[in-house]
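Read-outs throughout are calculated quantities, based only on the coordinates presented, and are distinct from any laboratory measurement. In this text the structure is predicted, and so the values were computed from the model without any measurement. Don't worry about glycine lacking a Cβ; one is built from the backbone with ideal geometry, like all the others, and counts go over all protein chains shown.
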Number of protein chains: 2
Amino acid sequence: MTRAPEIELRINLDPETLLGPGKAALLQAIDETGSIAAAGRRLEMSYKRAWYLIDTMNTYFSEPVVVSAKGGNSRGGARLTATGRKVLDSYRRMEKKARSAIARDLANLAGLAAQKEP
Amino acid sequence: MTRAPEIELRINLDPETLLGPGKAALLQAIDETGSIAAAGRRLEMSYKRAWYLIDTMNTYFSEPVVVSAKGGNSRGGARLTATGRKVLDSYRRMEKKARSAIARDLANLAGLAAQKEP
């Protein structure tokens with residue numbers, strides 16, 4: 001029995017801005033932890049890297065996707081904006097639709113795999 | 001006017017084998033040039049790298065995806081097998097289906113982009 005392949009959707013919003021599983025996971029982790037630092041730790045990503053990824057999204061979209069929760073330093077807590085939530089929801093929806101649209105082709109492709117020794 | 005985002009589909013066939021735009025482009029270039037070396041040059045990829053990518057696919061699938069055209073050294077010419085053609089066609093079909101399934105969501109997402117200075 002061959003495992004069903006999994007897909008990753010990468011969206012080139014523009015030549016400088018990629019939206020893929022990593023940025024989606026980061027938005028989701030910020031939503032769940034209320035903190036960029038905690039989200040970074042969960043994803044084993046430095047605060048600097050997490051902030052850089054958010055910054056590229058904040059630059060691309062007309063509204064920021066993440067803001068500090070209480071004004072002031074974003075290390076003190078962060079939350080998704082309405083735009084950030086739309087971006088995350090949209091990405092999850094597109095992942096699901098893409099998976100569903102190609103499920104049968106993926107199964108056929110996996111059927112061409114060599115059988116592995118157990 | 002915001003450019004429509006483009007998508008890339010990455011398929012994790014198994015934890016060791018990714019099928020994405022790079023491998024699809026390589027299969028297509030071999031099909032068009034009849035040579036691994038020429039395909040590698042077209043994609044600005046070393047022969048070694050091109051061969052490594054083919055080898056990972058040959059290992060995953062029950063039949064090789066590329067074979068030497070005349071038996072013997074594959075530098076002398078290469079072609080897609082029936083399996084190789086199925087893999088390439090399947091990937092292109094899945095790309096198209098995924099794009100089509102999320103076209104409206106992509107347009108909505110792009111509508112959230114900041115307007116760039118012309």
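Structure remark: mean-square fluctuation, Gaussian network model of chain B, C-alpha springs under 10 Å; the largest value among B:Glu32, B:Glu44, B:Glu63 belongs to B:Glu44. Dimensions of the protein assembly as shown along the principal axes, based on C-alpha atoms and rounded to the nearest Å, stand at 69, 50, 31, largest first.
Based on the inverse mean of 1/r over its pairs of different Cα atoms, what is the Kirkwood hydrodynamic radius of the stretch A:12-112, in Å? For the stretch A:12-112, the Kirkwood estimate is 14.5 Å.
Which of the three applies to the stretch A:1-46, rounded, prolate or oblate, going by the alpha-carbon gyration tensor with a ≥ b ≥ c and a/c under 1.5 meaning rounded? Working shown, then result.
Details: a/c = 2.79, a/b = 1.30, b/c = 2.14.
Verdict is oblate for the stretch A:1-46.
A point 7 Å from Cα along Cα→Cβ stands in for B:Arg99, and the other copies hold the same point at 2.3 nm, listed in rising order. Here the Gaussian network model covers chain B, with springs between Cα atoms less than 10 Å apart; of B:Asp55, B:Asp31, B:Asp14, B:Asp14 fluctuates the most.
Each copy carries a label point for A:Glu32 at 7 Å from Cα toward Cβ; from one copy, the others' points are 4.2 nm away, ordered from shortest. The residue among A:Ser46, A:Leu88, A:Gly20 whose Cα reaches farthest toward the positive pole of the charge dipole of the stretch A:17-91, with charges on the beta-carbon of Lys, Arg, Asp and Glu, is A:Ser46.
The phi torsions of the stretch A:29-41, fed into the Karplus equation with coefficients 6.51, -1.76 and 1.60 and a -60° offset, translate into couplings of 5, 5, 4, 7, 9, x, 7, 5, 5, 5, 4, x, 4 Hz, rounded to whole numbers, with Gly and Pro shown as x. Between helix A:47-60 and chain A there is an angle of about 90 degrees, using the helix long axis and the longest principal axis of the Cα atoms.
If amide hydrogens are placed 1.01 Å from N in the peptide plane, which non-local residues have theirs closer than 5 Å to the one on A:Ala78? Amide H neighbours of A:Ala78, under 5 Å, 5+ apart: A:Ser35, A:Ile36, A:Ala69. The angle between the Cα long axis of helix B:82-110 and the main principal axis of chain B comes to about 10°, on a 0 to 90 degree scale.
Only the Cβ atoms of Lys and Arg (+1) and of Asp and Glu (-1) were treated as charged; on that basis the dipole of the protein assembly as shown about its Cα centre amounts to roughly 140 debye.
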